[in-house]
Amino acid sequence: MTERRYKYQREDFGELPVTLHHLTIYLSFEEGHVEASNCLEMTARKGLSEIVLDANGLEIIGVEWCENPGDEGAPLAYEYRRENNRLIVALPEAVEAGRRFCVRTFTRCFPSDHILEGIYRDSTPPGAPQQYVSQCQQWGFQRIMPILDDCRAKCTMTTTIEADAAYTHLISNGNISRDRNPEGRPVPKNGDPGRQVITFENPVPMAPYLFLVCAGTWDVLSDQVTYGSGRTVRLEYLVPPGDADHVRIPMEILKKSVLWIAKRQDYEYTGDTYRTICMNKSNFGGMENVGNTTIVTDAALITEHTLDLGLLYAHAVIVHEFEHNQCGSETTMDTPFDVWLNEAYTVDVERQFMADVFDPSFVRLNQIDSIRNPLLGPLAIEDAGHAGRIVREGFNDPDELIDGVTYVKAAEVIRMLRLVLGPETFHAGKALYFTRYRNGNADTDQFFECFEEVSGVSLETFKRGWLYRIGYPKVTALGEYDGSAKQYRMRFRQEVRPGQTPFHIPLELALVDANGRDIPGTGQVFQFMEENAELVFENIDTPPAFASMNRDCSFYGTFRHENAGRDVLALQARLDPNPCNRVDAVRQITDYQRVRLLNDPDGKVEEDWLDLYGEILADGDVSASIKAYLLRIEEQPMDREYGTWYQELVSAREKLMLAVNHRFRERLVEQFLQLDTYRSGSSPGEGIEERMLKNMLLEIIAADDSAESHRLLLDHYRAATTSTDRVAALAIMNRSSARWRHDVLEEAYNAWHGNLSGYANYLRVVASGTREDVFDMIEKEKKRPGFDITQPTWSRALFLPMATNNKMVWTDRGIKWVTGTVMELAPFNATTAGRLLNTFQHVRKMKPALREKVTAALERILGSVSETKSPAVHGQAKAYLDLK
Ligand SMILES: [Zn+2]
């Protein structure tokens, strides 16, 4: 007998024993608990003597049998196995396949303030009754009442909510019943005017993970959008009292998103009202609950504290959650193993929207950053070697499925699928998919069958490489011009492990002339499907300046043009019409300097690298954001073999920054002062790119830690009119030796901590400090009255920046701090604890001295974090230690 490696595997998701038709739910919010009754109407799919329902942490009051929903029930015997969340109900007689019957449950649930699943206690506005919201993905419904908590158990619902009359809103999925609530709002309860009641009818079959129930106090901003067909949808934002003005910009983004989706995705929303509900506590940014998207308040409101990154995120999350109406809610994944389908396609739509609203190269560079994110990016996850399969083998907790593999790698797979098939065929394939599986479920194979049908192309190799394997392709290319034959020849090679089939890789490329123009006829997507392949361009009269390959990072993996020397890369850095490839060329050139410094800490930064840097600085034609990307000196290497040389990478970056600072300080300051980011723009998106560049320049200027730089930081901080400028200045200040930094930080605390986003900004600044007192400062913030470790926005802000703070986290104190914080957070916030634990994911690749310390830390975590209470965190530590 072997121990199961995962708690849940594919075979745990067998055929459902019944087809679920309808739920008739009554939920009453009482003091400290919620009473629930639920009548489940279903048809047996096979002979049954019992029915097993999912039920987590409930009190079971009784279970009844009835033939029809309105009938008087007869009590049933049941057994509640709390340890595996199963309610086993004995049926009064053997039920044959095809028979329709009902089971009614009477239960109680107890909303928590830190288990943010099922119904939970959110922050309550002053003077209002306790605020309740819910989160059901993946398995939250069973924390509210017994259910077949399965994506395939799609059914219609009638939901009645009863609660204190003081709430402004009681909300669930569907349309308000006009019979029972003719005014479209709750009515007083018969004989009890202190209570109110409302009923929702949800006529479209919906998976349980999309269920929502809220009782709360909100202000409303409403608007509407009218489709070309003339149909109008009401849009509502439910916000904390007094905040309605702060969702005027999000409402505009939403209106734009709804119409953009209609035009580009051929999808019209079918309900009367689409609501966005603010919640203060959540481990996720947002959750689509069919017509009732919940969004974490920090991201939902656009205020004076919203950073540019937050504004970009607002655009992304709004269109993302709305797209889920089609992808996810109407057409639903079959099991949690297919959750990537819901997310990857939706992220792809979100990315196309972003590229339409903002500069597409800027947007793509941001995405490439998320692929390369050293903590949570999929490349880093795959380097660790434990995860990376998009369709998983198994999982211990469904939250594990919500990671960089599902959201970033899988979205790259959809992007590659479009490159492989071409945009028109891709569009036809997705249209077939959403038509065929509308209001139903689909799995991974069924998704791909649609694209194979419309294209006639086999996607077997594509699927095998990208979905069922840990690891990414490592591609190298050799380019060669033959003047006598007028040929340019490219030879490609991908590393293939023994027994593996090669990846199907779409390579977007072109040849570029000495004026920085594509040579006509050379631009294409090359389908690279073998271990070795060759592409020959004929009739190339003059030698190209260079080959621009893997444009816009056309495939997920690493790419190196092997015989492009530093001079060719320098040419590409200046001339490539593809901005992402310009940035990539500069990164390759910088990496050469970096690797030299890693191997020779006393080495000097070479002049030709500095010359190139000076040229970029002088370039007046390039856009501000691309310039910022070209000038940015990263800590992480391009050569991933050096990924765990953390302390050395910090030193190398400092040395590169100082070299630039010494040579170009005057010009850096001059450009910094010329960029005016203080005048207010007409739209909130205006000036994002300029602010990015200005703060990039500031970081390089301040690298010398001189009194003059400190003054510049303070001036910028004082003159700033946006939170992005202010927070950037404060963060750099906090890393400086300026003695007054604590006074300015305290001033910022006082000014910002009353606002959820402002406080989070402040906490992130504290935790990204690189002075010796950073851990004491974090400790001090943790103890301050007003800080609440169970508030996920704040605990994320105060703890997670340390995970990538390489200068401080790899000290003895840093390792101890991560260990202790993971152990402290695991019992009540597994999501943040797990992300923080990712810091140690590359333990096997560390140098021996560090590996020993981190192994000991992981063993401590494994010994202290309970396998039953925090299975995901426990399993993660176990995997890093290579224990099965
Ligand atoms: Zn999503």
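The values are calculated or read from the model by the stated rules, or taken from the named source; none is laboratory data. Model, not experiment: these values are computed from the prediction. Cβ coordinates were reconstructed from backbone atoms using ideal geometry, including for glycine residues, and neighbour counts include every protein chain displayed. The accessibility values were calculated without ligands, DNA or RNA, using every heavy atom of the protein model including side chains. Shrake-Rupley method; radii C 1.70, N 1.55, O 1.52, S 1.80 Å.
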* To do: Output yes when any residue across segment 169-192 is under 29 Å from the mean Cα position of the chain (by Cα), over 20 Å from residue 277 (Cα atoms) and in a strand (DSSP E or B), and no when none is.
  => no
* To do: Under 6 Å between Cβ atoms, at least 6 apart or on separate chains: pull out the pairs that start in segment 555-568 with a residue that is β-branched (Val, Ile, Thr) and end on any residue that is surrounded by fewer than 16 Cβ atoms within 10 Å (Cβ to Cβ).
  => 558/474
* If you go through segment 323-356, how many residues are among the polar types (S, T, N, Q), within 13 Å of the ligand (Cβ to nearest atom), assigned to a helix (DSSP H, G or I) and modelled with pLDDT of 95 or more? -> 1
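In the list 261, 253, 277, 249, which residue meets the criterion of being open to solvent by 50 Å² or more (accessible area, probe 1.4 Å), touching a residue at least 60 places away in the same chain (Cβ under 8 Å) and β-branched (Val, Ile, Thr)?
249
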* Asked: Out of the residues in segment 322-356 that are farther than 20 Å from residue 15 by Cα and of a type in the set (S, T, N, Q), which is most open to solvent (accessible area, probe 1.4 Å)?
  -> 352
* **Sole residue being free of Cβ contacts under 8 Å to residues at least 24 places away in the same chain and more than 26 Å from the chain's Cα centre (by Cα), chosen from 855, 821, 811** => 811
* Asked: Looking only at segment 505-547, which residues are free of Cβ contacts under 8 Å to residues at least 60 places away in the same chain, open to solvent by less than 50 Å² (accessible area, probe 1.4 Å), of a type in the set (Gly, Ala, Ser) and in a loop (DSSP other than H, G, I, E, B)?
  -> 545
* Structure fact -> In segment 17-60, anything at pLDDT 95 or above and part of a loop (DSSP other than H, G, I, E, B) is listed as 17, 30, 33, 45, 46, 47, 55, 56, 57, 58
* Checking residue 703 against (1) in contact (Cβ under 8 Å) with a residue 12 or more places away in the chain; (2) more than 21 Å from residue 618 (Cα to Cα), which test does it fail? -> (2)
* Asked: Among the residues of segment 113-154 satisfying the criterion of being of a type in the set (S, T, N, Q) and outside any loop (DSSP other than H, G, I, E, B), which is farthest from residue 239 (Cα to Cα)?
  -> 142
* Some residue of segment 550-563 being touching a Phe, Trp or Tyr at 6+ places or on another chain (Cβ under 7 Å), of a type outside the set (Ser, Thr, Tyr), at pLDDT 95 or above and not in a helix (DSSP H, G or I) -> yes
* Checking residue 793 against (1) modelled with pLDDT of 95 or more; (2) farther than 24 Å from residue 396 by Cβ; (3) among the β-branched types (Val, Ile, Thr); (4) open to solvent by less than 10 Å² (accessible area, probe 1.4 Å), the condition it does not meet -> (1)
* **From the options 92, 69, residue that is surrounded by fewer than 18 Cβ atoms within 10 Å (Cβ to Cβ) and touching a His at 6+ places or on another chain (Cβ under 9 Å)** => 69
* Structure fact -> Subset of segment 801-830, residues open to solvent by less than 10 Å² (accessible area, probe 1.4 Å) and modelled with pLDDT under 95, comes to 829
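Out of curiosity, is residue 314 open to solvent by less than 10 Å² (accessible area, probe 1.4 Å), small (Gly, Ala, Ser), more than 14 Å from the ligand (Cβ to nearest atom) and touching a His at 6+ places or on another chain (Cβ under 8 Å)? Show your work before the answer.
Values: open to solvent by less than 10 Å² (accessible area, probe 1.4 Å): yes; small (Gly, Ala, Ser): yes; more than 14 Å from the ligand (Cβ to nearest atom): yes; touching a His at 6+ places or on another chain (Cβ under 8 Å): no.
Against the criterion (open to solvent by less than 10 Å² (accessible area, probe 1.4 Å), small (Gly, Ala, Ser), more than 14 Å from the ligand (Cβ to nearest atom) and touching a His at 6+ places or on another chain (Cβ under 8 Å)), residue 314 does not qualify.
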* **Residue in segment 280-302 that is farthest from the ligand (Cβ to nearest atom), counting only those that are closer than 15 Å to residue 254 by Cβ and part of a helix (DSSP H, G or I)** => 300
* Asked: Which one of these is open to solvent by 50 Å² or more (accessible area, probe 1.4 Å), in contact with a Phe, Trp or Tyr (Cβ under 7 Å, 6 or more places away or on another chain) and within 26 Å of residue 397 (Cα to Cα): 86, 10, 5, 82?
  -> 10
* In segment 576-589, which residues are under 18 Å from residue 518 (Cα atoms) and either crowded, with 19+ Cβ neighbours inside 10 Å or out of contact with any Gly (no Cβ under 7 Å at 6 or more places or on another chain) (or both)? -> 576, 578, 579, 580, 581, 582, 583, 584, 585
* **Tabulated pairs, segment 337-353, first without any contact (Cβ under 8 Å) to a residue 40 or more places away in the chain, second more than 10 Å from the ligand (Cβ to nearest atom), C-beta under 8 angstrom, 6+ apart or interchain** => 342/332; 342/333; 350/316; 350/319
* Asked: Just one of the numbered conditions (1) assigned to a loop (DSSP other than H, G, I, E, B); (2) farther than 30 Å from residue 243 by Cβ; (3) over 30 Å from the mean Cα position of the chain (by Cα) is not true of residue 785; which one?
  -> (2)
* residue 656 being touching a Lys or Arg at 6+ places or on another chain (Cβ under 8 Å), crowded, with 21+ Cβ neighbours inside 10 Å and closer than 24 Å to residue 309 by Cβ -> no
* To do: Would you check which residues across segment 18-33 are over 15 Å from residue 119 (Cβ atoms) and either charged (D, E, K, R) or open to solvent by 30 Å² or more (accessible area, probe 1.4 Å) (or both) and list them?
  => 19, 21, 22, 24
* What are the residues in segment 34-66 that are surrounded by 13 or more Cβ atoms within 10 Å (Cβ to Cβ) and in contact with a Phe, Trp or Tyr (Cβ under 6 Å, 6 or more places away or on another chain), if any? -> 37, 60, 62, 63
* Can you find a residue in segment 408-416 that is open to solvent by 10 Å² or more (accessible area, probe 1.4 Å), within 16 Å of the ligand (Cβ to nearest atom) and part of a helix (DSSP H, G or I)? -> yes
